[in-house]
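Enquirer: If you scroll down you'll find the structure; I have some questions about it.
The values are calculated or read from the model by the stated rules, or taken from the named source; none is laboratory data. Worth saying up front: this structure is predicted, and the values here are computed from it rather than measured. For neighbour counting, all protein chains shown are included, and Cβ atoms are generated from backbone atoms with ideal geometry for every residue, glycine included.
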């Protein structure tokens with residue numbers, strides 16, 4: 001342990017109130033990308049908070065809200081990328097919040113606010129860590145390039161434009177500290193090394209010009225049946241996706257990845273209780289459950305809407321039916337390939353009448369548990385959290401890992417201050433204050449790894 | 001022709017503005033049974049309008065909204081039943097209405113309002129007809145018993161209670177002038193002699209306690225998939241219902257019924273144009289198309305709702321999925337038998353988790369084209385419309401024919417003021433003003449048949 005490390009930990013503990021006030025200030029600024037609300041103000045607040053700790057920060061403008069770009073020149077040979085996002089999810093259903101989402105409140109050792117876990121807690125923990133480190137060292141042991149975007153919650157539609165302009169810099173980065181993460185349902189810290197990809201499509205079937213009396217179902221085709229049959233062709237009750245070629249690009253799990261998966265003690269019963277389910281999909285458990293969560297692609301119906309949905313009965317033959325599907329992809333599936341396979345398959349199955357509208361997808365990236373950067377992240381976590389963290393080669397969710405890092409071969413490791421009960425995206429989002437403090441110490445410990 | 005008949009026709013034409021104002025008043029009162037909206041007010045308005053023309057009218061109360069019961073003592077040996085309903089369908093999707101659904105508007109010779117065709121236009125046409133007849137005759141040539149219920153659009157769940165209390169009277173009725181009807185796409189008048197039955201069910205599949213992040217679709221069952229697979233088990237793309245026993249009770253078409261069907265010149269191309277479809281279900285045409293429309297049972301999805309349906313994308317694993325289905329039944333299928341078959345089949349197919357909520361169904365009734373009452377109805381139509389009407393042994397829609405008439409052996413013939421483009425149940429419901437006037441004359445002509 002670096003001799004100054006204990007001093008820094010004491011310094012952090014002495015500054016808790018200051019740090020919580022910083023977090024409160026960051027969470028007080030609404031910044032909902034889906035509603036284009038408060039993004040400019042939040043970006044400016046990020047710049048101000050970075051400048052306050054002597055990080056050279058600017059707003060990079062292109063299409064979409066500005067990207068906050070920070071730079072710190074250190075004395076090491078390497079450059080670390082920090083990736084975060086300053087936007088948050090919408091706050092509805094508002095009436096389920098116990099306190100207002102943008103008025104941070106601490107209750108029972110928990111800090112409640114929209115963005116506390118996802119992702120402002122992580123941003124502020126990093127700000128506090130850099131400040132604490134620089135209060136005890138003349139320089140950081142690495143250069144830092146810090147990217148804080150404002151559209152992560154809507155799929156980072158303009159991040160590729162930023163990346164294109166900064167590709168030469170990004171290519172030379174050693175590794176990236178990814179935006180978020182935290183603890184599982186048993187309080188164990190988790191580090192993820194990648195993200196599943198995503199393809200989001202809207203499927204639509206159309207019938208007559210208008211809704212008709214359902215008596216006509218005897219002679220007029222019903223688009224709800226058409227869409228239901230088309231969906232059934234995509235995936236049957238065995239759970240396997242039927243689109244030809246869908247699994248062709250799926251890469252085998254490497255021995256190191258499988259070893260990491262085996263070392264992961266997944267909290268099955270706690271997770272079932274949390275979600276209120278009797279069992280997992282297909283009665284999965286143990287290694288197969290973990291493998292499905294981390295390495296299986298999915299074909300999920302996120303919404304299906306057609307016809308009458310009100311109280312009582314209405315006998316109508318609906319004019320159209322719409323389903324929204326998300327496919328989570330694993331290496332080396334690509335959203336462009338899958339949407340082409342989907343179109344060809346629906347045509348071949350007689351569903352050329354079913355329209356597909358695809359949004360820009362994201363490519364999957366999985367990581368290497370044996371990479372030296374992963375090992376640094378693990379050692380830092382062991383020091384701060386007092387246990388060996390779980391290492392997940394890929395998280396089950398999606399983020400722009402490929403566009404920012406994966407395409408340049410830059411490895412990532414997540415670092416966040418949330419936990420499995422944080423309700424990111426939901427009402428009453430919160431973090432434990434203790435996890436926020438540990439998150440600050442973790443970033444310091446990670447910097448120490450590079451000073452060694 | 002009765003010598004006074006021409007005088008009555010002139011009288012009707014001189015009173016068009018008064019009659020349209022009556023209809024406007026009836027349509028201005030919302031009366032949506034599915035939402036329990038305005039039913040009491042509408043029932044009282046019916047009583048008031050009947051009393052205004054000296055019909056002895058009262059509200060009969062039991063469970064559900066009141067039944068309007070009117071009586072006129074005539075000088076004939078026979079008693080005719082008039083059946084109508086004062087309730088209407090919900091008005092959604094509201095934004096597709098060109099004018100507000102309960103503010104009647106006349107445009108281009110058409111009268112637009114929810115209920116114009118189904119069924120307030122028919123009610124008001126009968127009121128005007130009785131008034132016009134009694135302005136020229138001392139008595140009606142028949143006794144009239146007039147039943148106007150308020151739950152037809154939700155399957156008449158309490159009409160059996162009314163019928164039980166008035167069974168002795170209903171049993172002695174000669175025949176019934178059924179609630180609605182009108183013209184086909186070529187302007188030819190149609191008379192129907194029965195109704196398909198109905199079974200309406202809500203199917204529901206449930207997943208986790210709350211909506212989850214869709215990344216969890218890798219390990220948590222999605223109720224939208226469950227429901228979609230269950231639906232697919234009910235009916236495949238060949239259109240045949242897969243529920244074992246579903247077709248077992250279907251009776252053969254009688255020779256007289258088949259003759260009536262053959263004489264029916266179904267306006268195929270006009271109907272396709274009207275609905276904006278390229279072809280009929282399964283490329284049906286000719287005799288098979290007519291037979292399907294009149295004599296085929298159906299399994300229709302009236303609504304399917306689950307998860308996210310807003311703009312853009314939301315990656316969610318929905319907590320539940322709900323579908324509403326209507327089955328149109330033909331003699332001698334029974335809703336009680338079909339729902340039992342449905343439950344057994346879903347269980348056998350592994351869908352015991354899919355909940356079924358069935359509403360009270362309705363039994364099917366088909367009629368005899370050779371019955372003397374049918375012939376009277378045909379002659380009246382020939383006089384008013386100037387052509388031989390189509391006679392349909394059963395209509396493709398549903399009504400409580402069995403409970404009110406069929407179980408007592410009372411024959412029915414429809415009489416209404418709509419046409420195939422009336423959009424009953426849909427946005428912009430309307431009738432032709434000219435059809436409304438002819439509908440009044442038709443009731444007068446039918447009364448004349450009994451005076452002869």
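Enquirer: Determine which member of the set A:316, A:330 is in contact (Cβ under 8 Å) with a residue 40 or more places away in the chain and more than 8 Å from chain B (Cβ to nearest Cβ). Before the answer, list the steps.
Expert: Numbers: A:316 fails: more than 8 Å from chain B (Cβ to nearest Cβ).
So the residue among A:316, A:330 that is in contact (Cβ under 8 Å) with a residue 40 or more places away in the chain and more than 8 Å from chain B (Cβ to nearest Cβ) is A:330.
Enquirer: Just to check your reading of the model, which residue among B:221, B:185 is in a loop (DSSP other than H, G, I, E, B), touching a helix residue (DSSP H, G or I) at 6+ places or on another chain (Cβ under 6 Å) and modelled with pLDDT under 95?
Expert: On the way: B:221 fails: modelled with pLDDT under 95.
Sole residue among the options that is in a loop (DSSP other than H, G, I, E, B), touching a helix residue (DSSP H, G or I) at 6+ places or on another chain (Cβ under 6 Å) and modelled with pLDDT under 95: B:185.
Enquirer: Same structure, new question: Assigned to a loop (DSSP other than H, G, I, E, B) and surrounded by 20 or more Cβ atoms within 10 Å (Cβ to Cβ): which single residue out of B:180, B:205 fits that description? Steps first, answer last, please.
Expert: Numbers: B:205 fails: assigned to a loop (DSSP other than H, G, I, E, B).
None of the other options fit; the residue is B:180.
Enquirer: For region B:106-135, how many residues are assigned to a helix (DSSP H, G or I) and over 17 Å from residue B:182 (Cβ atoms)? Break it down into steps so the answer makes sense when it comes.
Expert: Taking region B:106-135 first, the residues assigned to a helix (DSSP H, G or I) are B:116-134.
Next, only the ones that are over 17 Å from residue B:182 (Cβ atoms) stay: B:127, B:130-134.
So the answer is 6.
Enquirer: Going by what's in this entry, would residue B:103 be described as out of contact with any strand residue (DSSP E or B) (no Cβ under 6 Å at 6 or more places or on another chain) and either within 14 Å of chain A (Cβ to nearest Cβ) or in a loop (DSSP other than H, G, I, E, B) (or both)?
Expert: When the stated conditions are applied, residue B:103 passes them.
Enquirer: What is the one condition in (1) over 20 Å from the mean Cα position of the chain (by Cα); (2) modelled with pLDDT under 95 that residue A:157 does not satisfy?
Expert: Among (1) over 20 Å from the mean Cα position of the chain (by Cα); (2) modelled with pLDDT under 95, the lone unmet condition for residue A:157 is (1).
Enquirer: Would a scan of region B:255-271 turn up a residue that is in contact with a strand residue (DSSP E or B) (Cβ under 8 Å, 6 or more places away or on another chain), more than 28 Å from residue B:426 (Cβ to Cβ) and surrounded by fewer than 17 Cβ atoms within 10 Å (Cβ to Cβ)?
Expert: yes
Enquirer: Now for a separate question. Could you tell me how many of the residues in region B:384-414 are within 14 Å of the chain's Cα centre (by Cα) and either within 12 Å of chain A (Cβ to nearest Cβ) or modelled with pLDDT under 95 (or both)?
Expert: The total comes to 7.
Enquirer: Any residue in region B:368-383 that is more than 8 Å from chain A (Cβ to nearest Cβ), farther than 24 Å from residue B:254 by Cα, assigned to a helix (DSSP H, G or I) and touching a helix residue (DSSP H, G or I) at 6+ places or on another chain (Cβ under 6 Å)?
Expert: There is at least one residue in region B:368-383 that is more than 8 Å from chain A (Cβ to nearest Cβ), farther than 24 Å from residue B:254 by Cα, assigned to a helix (DSSP H, G or I) and touching a helix residue (DSSP H, G or I) at 6+ places or on another chain (Cβ under 6 Å).
Enquirer: Within region B:233-252, take every residue that is within 8 Å of chain A (Cβ to nearest Cβ) and at pLDDT below 95 and give me the one that is nearest to residue B:335 (Cα to Cα). It would help to see each step written out before you state the result.
Expert: Of the residues in region B:233-252, the ones within 8 Å of chain A (Cβ to nearest Cβ) are B:235-237.
Within this subset, residues satisfying the condition of being at pLDDT below 95 are B:236-237.
Values: B:236: 21, B:237: 24 Å.
Only one residue tops the list, namely B:236.
Enquirer: Shifting gears a bit: So which of B:276, B:303 is free of Cβ contacts under 8 Å to residues at least 24 places away in the same chain and crowded, with 19+ Cβ neighbours inside 10 Å? Before the answer, list the steps.
Expert: Details: B:276 fails: crowded, with 19+ Cβ neighbours inside 10 Å.
Unique residue meeting the criteria: B:303.
Enquirer: What number of residues within region A:233-257 are part of a helix (DSSP H, G or I) and at positive phi?
Expert: Within region A:233-257, residues that are part of a helix (DSSP H, G or I) and at positive phi number 0.
Enquirer: While we're here: Taking region B:200-215 on its own, how many of its residues are over 30 Å from residue B:337 (Cα atoms) and more than 7 Å from chain A (Cβ to nearest Cβ)?
Expert: Our first condition is that a residue be over 30 Å from residue B:337 (Cα atoms); within region B:200-215, this holds for B:208-215.
Imposing the further condition that a residue be more than 7 Å from chain A (Cβ to nearest Cβ) reduces the set to B:210-211.
Of the residues in that region, 2 qualify.
Enquirer: Of the conditions (1) within 14 Å of another protein chain (Cβ to nearest Cβ); (2) outside any loop (DSSP other than H, G, I, E, B); (3) modelled with pLDDT of 95 or more; (4) in contact with a helix residue (DSSP H, G or I) (Cβ under 8 Å, 6 or more places away or on another chain), residue A:352 clears all except one; give me its number.
Expert: (2)
Enquirer: Can you tell which of A:346, A:392 is buried (at least 23 other Cβ atoms within 10 Å of the Cβ) and more than 20 Å from residue A:80 (Cβ to Cβ)? Even if it seems obvious, please write down each step before you answer.
Expert: Values: A:346 fails: buried (at least 23 other Cβ atoms within 10 Å of the Cβ).
Matching residue, one of A:346, A:392: A:392.
Enquirer: Give the residues of region B:282-311 that are at the interface with chain A (Cβ under 7 Å from one of its Cβ atoms) and over 22 Å from the mean Cα position of the chain (by Cα), sorted by residue number.
Expert: B:284, B:304, B:305, B:306, B:307, B:308, B:309
Enquirer: Counting only residues that are assigned to a loop (DSSP other than H, G, I, E, B) and over 14 Å from residue B:113 (Cα atoms), which one in region B:415-444 is farthest from the other protein chains (Cβ to nearest Cβ)?
Expert: Looking only at region B:415-444, we keep the residues that are assigned to a loop (DSSP other than H, G, I, E, B), and these are B:415-417, B:420-429.
Checking the rest, the ones that are also over 14 Å from residue B:113 (Cα atoms) come to B:415-416, B:420.
Numbers: B:415: 18, B:416: 13, B:420: 10 Å.
Here the answer is B:415.
Enquirer: Okay, next question. Suppose we filter B:260, B:230 for residues that are within 10 Å of another protein chain (Cβ to nearest Cβ), part of a helix (DSSP H, G or I) and in contact (Cβ under 8 Å) with a residue 12 or more places away in the chain; which single one remains? Steps first, answer last, please.
Expert: Values: B:260 fails: within 10 Å of another protein chain (Cβ to nearest Cβ).
Result of the check over B:260, B:230: B:230.
Enquirer: If only one of B:90, B:30 is touching a strand residue (DSSP E or B) at 6+ places or on another chain (Cβ under 6 Å) and within 14 Å of chain A (Cβ to nearest Cβ), which one is it?
Expert: Working: B:30 fails: within 14 Å of chain A (Cβ to nearest Cβ).
One residue alone meets the criteria, B:90.
Enquirer: Does residue A:48 meet the test of being out of contact with any strand residue (DSSP E or B) (no Cβ under 7 Å at 6 or more places or on another chain) and exposed (fewer than 14 other Cβ atoms within 10 Å of the Cβ)?
Expert: Values: out of contact with any strand residue (DSSP E or B) (no Cβ under 7 Å at 6 or more places or on another chain): yes; exposed (fewer than 14 other Cβ atoms within 10 Å of the Cβ): yes.
Answer is yes for this residue.
Enquirer: Which of the residues that make up region B:164-199 are more than 14 Å from every other protein chain (Cβ to nearest Cβ) and farther than 21 Å from residue B:125 by Cα?
Expert: Selection gives B:164, B:165, B:166, B:167, B:168, B:169, B:170, B:171, B:172, B:173, B:174, B:186.
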